[in-house]
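As structure tokens, the structure follows; a few thoughts come after it.
We did not get these values from a lab; they are worked out from the coordinates using the rules stated. Values in this document were obtained by computation on a predicted structure and should not be read as measured data. Here the Cβ is made from the backbone with ideal geometry for all residues, glycine too, and neighbour counts use every protein chain on show.
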Amino acid sequence: MNNDRVMTRLRHLRGRLPVRVMRPFRQIRYRKTGVECTMCGARFARFNGATHPGNRTCDYCGGMERHRYLWLWLQARRELLAPGARILHFAPELPLAKQLHTLGRFRYVSVDLQPGAEIRADITRLPFRDGSFDLIICSHVMEHIDDEAAALHNLRRVLAPGGRTIVMVPVDDTRATTYEDARIVSPDDRTVAYWQHDHVRLYGRDISQRLAAGGFDVSPFRTEDLYDAAVIDRHQLSATEQIFVLSEA
Ligand SMILES: [Zn+2]
């Protein structure tokens, strides 16, 4: 059986076998090719959706550009993933949750307004005591929340002393200030104004100041400031993506 037929068979097993079992077989197929997932280590000729920046997805673990960036970033900051860390993960992205669970040493809680997370709750009314979490991951959530101030207040409230909250959102770098208009309510109008039918604002270059209003010190980490073009290309990251790290002010 040639390599392609082997891989066809193995694809049927994908998701049923642990990554460590599948990895040697994937590398038979992909060893000559050019991109590599930071999360699961898979190598491909290209990621799915390669013509749609932002959505270039790993065919093996499902990780997208922002997940690959966040995982790469976290790998260099393992102090945030110390054993016993209490982690709160909003709107949990499955690829990221799976990677965190491979480390298997946290007290992990996932939350979403929709079904699918461990706890169904509203970020503006979190059912947790003050200072409950050492690391909060809140990626692509804030742009959906009407009451930004209440969400930030809750993020600050449940963060433990010395803890960190990671926020990622779409940002329009061409805008000096965040755009929001309460009269824009229809899905079509929101798609035009805010890039997606269920977004309620489009963040601009004032994003750090807005997050700081919740009582945080905010440190932005932009992909192209941390990694050279070869790394960005190999992992197919978005060069302008930013991770905002919030700590108590
Ligand atoms: Zn992957």
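Write out, first by first residue and then by second, each pair whose Cβ atoms fall under 9 Å of each other, whose residues are 6+ apart or on separate chains, and whose first residue, in segment 119-130, is assigned to a loop (DSSP other than H, G, I, E, B) while the second is surrounded by 11 or more Cβ atoms within 10 Å (Cβ to Cβ) and aromatic (Phe, Trp, Tyr). Partner pairs satisfying both residue conditions: 121/128; 123/90. Scanning segment 71-103 for residues that are closer than 15 Å to residue 243 by Cβ, of a type in the set (D, E, K, R) and either crowded, with 19+ Cβ neighbours inside 10 Å or in contact (Cβ under 8 Å) with a residue 40 or more places away in the chain (or both) returns a single hit, 93.
Just checking, how many residues over segment 200-224 are touching a Ser or Thr at 6+ places or on another chain (Cβ under 8 Å) and farther than 23 Å from residue 73 by Cβ? Final tally of qualifying residues: 2.
So that you can scan it fast, the table gives a plain yes or no per residue for (1) part of a strand (DSSP E or B); (2) surrounded by fewer than 17 Cβ atoms within 10 Å (Cβ to Cβ):
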position	(1), (2)
40	no, no
63	no, no
69	no, no
105	no, yes
135	yes, no
143	no, no
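Among the criteria (1) within 14 Å of the ligand (Cβ to nearest atom); (2) under 22 Å from residue 171 (Cβ atoms); (3) out of contact with any Gly (no Cβ under 6 Å at 6 or more places or on another chain), the one residue 57 does not fulfil is (3). Close contacts from segment 147-175, counting a first residue that is free of Cβ contacts under 8 Å to residues at least 24 places away in the same chain and a second that is buried (at least 16 other Cβ atoms within 10 Å of the Cβ), with Cβ to Cβ under 7 Å and a gap of 6+ residues or different chains, come to 147/124.
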